[in-house]
Amino acid sequence: MRDIWKDLAKSELEMYPAKKEALTTIPERLRELESAFVSIGSPSADKVAVQGGGGNDKALNNIVQRESLFRNYAEVLAFTARVERGLAVLTEDENEILRRCFIHPERGAVERIAQAKGLDKSTVYRMRDDALRKFTMAMYG
């Protein structure tokens with residue numbers, strides 16, 4: 001039987017670097033949109049809207065994009081904080097294993113870790129699974 005918790009934990013660790021980067025890129029994009037919004041201008045009250053003419057769709061699109069990014073930023077911030085709390089309870093070795101296996105995966109990570117620490121691969125796999133379980137318990141209880 002497949003362990004759903006394990007798949008979810010692996011997936012979240014794999015997504016972590018991109019989500020962490022989004023904490024920089026989302027505010028940059030928000031600043032771009034805010035700057036663009038200022039230059040869009042507002043519709044003039046003395047002009048009659050052309051029928052079927054879209055009015056001020058650029059401004060509306062900008063507002064919707066910014067709102068969506070604000071919500072996404074809050075979700076990403078919560079996600080990264082949750083992952084970081086999960087990682088904070090791990091030992092240095094456990095962090096290294098999860099980092100090398102899932103966060104910044106390396107080809108042959110288990111074999112390399114085993115060789116560097118003088119362990120057999122099955123021990124490293126067990127350590128990886130134990131670290132993953134500990135990480136998941138810290139994140140979800």
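For region 70-141, the set of trypsin sites (Lys or Arg not before Pro) satisfying both a DSSP loop assignment and a count of at most 12 other C-beta atoms within 10 Å is given as Arg107. At a 1.4 Å probe, what is the % contribution of carbon and sulfur to the accessible area of the chain? Carbon-and-sulfur percentage of accessible area, whole number: 53.
Shown in residue order for region 71-84 are the 3J(HN,Hα) couplings computed by the Karplus curve 6.51 cos²θ - 1.76 cosθ + 1.60 at θ = phi - 60°: 5, 5, 4, 4, 5, 5, 4, 5, 4, 5, 5, 5, 5, 5 Hz (x for Gly and Pro).
Entry comment: accessible area of the chain is 67 Å² per residue, from protein heavy atoms only and a probe of 1.4 Å. Does region 54-141 classify as rounded, prolate or oblate by the C-alpha gyration tensor (a ≥ b ≥ c root eigenvalues; a/c under 1.5 gives rounded; else a/b over b/c gives prolate, otherwise oblate)? It comes out prolate by the Cα gyration axes.
Cross-link partners of Lys10 among lysines, defined as those whose alpha carbon lies under 29 angstrom from its own and excluding same-chain residues fewer than eight positions apart: Lys19, Lys20, Lys117, Lys121, Lys134. Between Thr91 and Phe70, the contour length at 0.36 nm per residue exceeds the alpha carbon distance by 4.1 nm.
The values are calculated or read from the model by the stated rules, or taken from the named source; none is laboratory data. Given the structure is predicted, the values throughout are model-derived calculations rather than measurements. In this analysis, Cβ positions are derived from the backbone assuming ideal geometry, glycine residues included, and neighbour counts consider all displayed protein chains. To get the accessible areas, we keep the full protein, side chains included, count just its heavy atoms, and leave off ligands, DNA and RNA. Shrake-Rupley method; radii C 1.70, N 1.55, O 1.52, S 1.80 Å.
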